[in-house]
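Since the structure comes first, as structure tokens, the remarks are kept for the end.
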Amino acid sequence: MAEGELFARMRTYRADDLDTRGGRTWAYVYDPGRADIDVVAKKALVEYYDENSLDPTVFPSLLRFENEVVGMARAHLRGDDAVVGNFTSGGTESCMLTVKAARDRHRALRGDGIAGGARRRLNLVVPVTAHAAFHKAAHYFDLELRTVPVDTTTWKARVDAMADAIDDDTVQIVASAVSYAHGVIDPIAELGQLALERDVLLHVDGCIGGFVLPYFRRLGEPVTDFDFTVPGVTSISMDFHKYGYCPKGASVVMYRDASIRRHQIWATSSWTGYTVINTTMQSTKSGGPLAATWAVMQYVGDDGFMEIFGRTLEARNAIIDGIAAIPELEVMGTPEASLVAVTSTTQEAVDPTVGPVDRVNVFDICDRMRGRRWFVQPQLGFAGSKANIHFSVGGSSLPLVPELMADMAASVAEAQAGPTPAPDAEIVALLESIDPATLDDATFDLLLEGGGLGAGGDGVAPEVPTETASINALLDACPAPLAERVLIEYFNRLYVP
């Protein structure tokens, strides 16, 4: 295929993608509001796209980049000279690595054998608001995941509930700074003290908040301490490809000292090929994201990020104020970084004789906002957290807030005037009768059709929806295990060669 035709076809394929720049996409991508940062990042990415981080003795420049990026992260997170870390492909890998290190350290120090030589099943204790990456880590590394309740006013972890869940087989407890769903910081000082008392590792998931919070603190915000100055914190994850505005595939996992990090690293010489030693889960990995991260940090600099986060903080506060002016909506908790969760107020708040019925369907609002060229992210209800709308506020957000709020108000009015998206009563009855373990293709076909997607199958992928209110209403009505099984089956059909 000729080059011109090739790129023309790529642009055609991209026609239905969300915009990654311009500030109208409020999840998944992060826009600093400065085109020059993108230029530098992409240039550095291409400069190192074919170098391989597998072997630092072959590409010592990548070792130097990694140590300097980790050094920047250590200073940012107020770590001392003993703190070490590694560059990873993203927050999920960073979180999974710290779980793997905690599991292997527990085995090395305490053992896990019982009579007959079988292994005890170790466990990981997390608040119900902890990122799904920890669910994935527990699944991959065969740990029992113990999720514990949070305060449903603040959406922060309850220290007493965490304490009750810990036992001698707990390898690690987890806190968020900040939680993705509600944008709040868990009581990390108290959890650190608990970790010290119970002799267990404490990981702070700072993937989305860790880079932001030190700047907000310097801008005068009251930021709860979450970093290596907190006794008991043994590891922190922090992404650069979110609010560091680096290309995708850029995160770090940091440890209080190398004795913990040792259990992250894997090596083998027990095969006929070259000696393999991996600091992360990947073996071969492009040097591009690492080089681009180093370049963006050097190019933007501390003063540049202070300016970006000054705009971000102003935009976040403007959104909170704007939502307060829409009676049908309210902010959940008190956002402490750059994330805001918005849910419906209830009819009960207006008329005490009416039960706690939502005044507006948030999934419908998301679809109506999509029609106005905004993407705001729907989040299902779970564990007392109502269905809500997520905003990741960024460097390009501030000038768009007035238009955003006007369109939110218009979308609320339309959603109230129109029919409320809800799953059919027969579909709900079907959901209540299904055992996720025995979900068959015929029943799944009915669920897809009930969600308006068409069944797909027989080598044909189901439709990719542009409007998702009815689908999210269906998922919101599902028990979580069934929703998970449905999503797995849907994606298993979606990827068809």
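Quick check on the exposure proxy: order 55, 321 from fewest to most C-beta atoms within 10 angstrom. Walk me through the numbers before you get to the answer.
Working: 55 16, 321 12.
Listed from fewest to most nearby Cβ atoms, that is 321, 55.
Can you check what the net charge comes to around residue 112, using other residues whose Cβ is under 12 Å from the Cβ of residue 112 (Lys, Arg +1; Asp, Glu -1)?
On the way: positive: 103, 105, 107, 110, 119, 120, 121; negative: 104, 142, 168, 169.
With Lys, Arg at +1 and Asp, Glu at -1, the net is +3.
Cα centroids of segment 33-99 and segment 275-339: 16 Å apart. Near residue 228, once Lys and Arg are set to +1 and Asp and Glu to -1 for all other residues with Cβ below 13 Å from its Cβ, the sum equals -2. By the count of neighbouring beta-carbon atoms within 10 Å, fewest first, 42, 242, 386 end up ordered 42, 386, 242.
Charge tally around residue 210: other residues with Cβ under 14 Å, Lys/Arg +1 each, Asp/Glu -1 each, net -2. What distance in nm separates the two pseudo spin-label positions at residue 491 and residue 55, each 7 Å out from Cα along the beta-carbon direction? Each label point lies 7 Å from its Cα, and together they span 3.4 nm. If R0 is taken as 60 Å, the Cβ-Cβ distance between residue 40 and residue 358 corresponds to a FRET efficiency of 0.85.
Any idea what the relative contact order of the chain is, in percent, if you count C-alpha pairs under 8 Å spaced at least 6 apart? Don't skip to the answer; put the middle values down first.
Details: 883 pairs, mean separation 84.5, N = 497.
Worked out over the chain, it gives 17 percent.
For the peptides 436-448, 281-293, the ranking by mean Cβ contacts within 10 Å, running from highest to lowest, is 281-293, 436-448. Sorting the segments 192-198, 169-175 by their residues' average number of neighbouring beta-carbon atoms within 10 angstrom, most packed first, yields 169-175, 192-198.
Among the chymotrypsin sites (Phe, Trp or Tyr not before Pro) in segment 244-291, those placed in a DSSP loop whose Cβ has at most 15 other Cβ atoms within 10 Å are 271, 274. Looking at segment 43-295, the DSSP beta bridges with both ends there are about 50 percent antiparallel.
Among the chymotrypsin sites (Phe, Trp or Tyr not before Pro) in segment 25-128, those located in a DSSP loop and surrounded by at most 16 other Cβ atoms within 10 Å of their own Cβ are 28, 49. Between residue 160 and residue 445, the modelled labels are 5.3 nm apart [label points 7 Å from Cα along Cα→Cβ].
Please give the peptides 56-64, 13-21 ranked by average Cβ packing (other Cβ atoms within 10 Å per residue), highest first, as a rough proxy for protection. If you can, show how the numbers build up before the last one.
Details: 56-64: 13.7, 13-21: 10.1.
Put in order of decreasing packing, that is 56-64, 13-21.
Sequence gap at least 6, Cα distance under 8 Å: using those rules, report the relative contact order of segment 363-417 to the nearest whole percent. Mind showing how you got there, number by number?
Details: 43 pairs, mean separation 20.8, N = 55.
Here the relative contact order equals 38 percent.
Once the Cβ-Cβ distance of residue 82 and residue 334 is raised to the sixth power relative to R0 = 30 Å, the FRET efficiency obtained is 0.30.
Tell me the mean residue ellipticity at 222 nm calculated for the chain from its helices only (DSSP H runs of n ≥ 4, each -39500 (n - 2.57), averaged over every residue, nearest 500). Please report the intermediate quantities before stating the final value.
Working: 17 runs with 209 residues, N = 497.
Here the helix-only value at 222 nm equals -13000 deg cm²/dmol.
Were the residues from residue 257 through residue 382 laid out at 0.36 nm apart, the gain over their Cα-Cα distance would be 41.4 nm.
Determine the shape class of segment 385-425: with a ≥ b ≥ c the square roots of the Cα gyration tensor eigenvalues, call it rounded for a/c under 1.5, and otherwise prolate if a/b is greater than b/c, oblate otherwise. It is oblate, given that a/c is not under 1.5 and a/b is not larger than b/c. Let me have the relative contact order for segment 67-206, percent, based on Cα pairs under 8 Å that are six or more residues apart. About 20 percent, as a whole number. Segment 353-391 and segment 106-172 have Cα centres spaced 31 Å apart.
On the beta carbon distance between residue 461 and residue 119, with R0 = 30 Å, the FRET formula returns roughly 0.15. Here's the list of lysines a cross-link from residue 42 could span, going by alpha-carbon distance under 20 Å and ignoring same-chain residues fewer than 8 apart: 242, 248, 285. Note on residue 13 and residue 142: the model spin-label points, each 7 Å out from Cα along the C-beta direction, lie 3.8 nm apart.
If neighbour count is taken as other Cβ atoms inside 10 Å, put 1, 254 in order from fewest to most.
Details: 1 8, 254 29.
Going from least to most buried by this count: 1, 254.
Cross-link partners for residue 136 among the aspartates and glutamates, with Cα-Cα distance under 20 Å and sequence neighbours closer than 8 places in the same chain left out: 93, 104, 144, 169, 205, 239, 484, 489.
We did not get these values from a lab; they are worked out from the coordinates using the rules stated. The shown structure was predicted, so the numbers you read here are calculated from the model rather than taken from an experiment. Neighbour counts run over all protein chains shown; Cβ positions are idealised from the backbone, glycine included.
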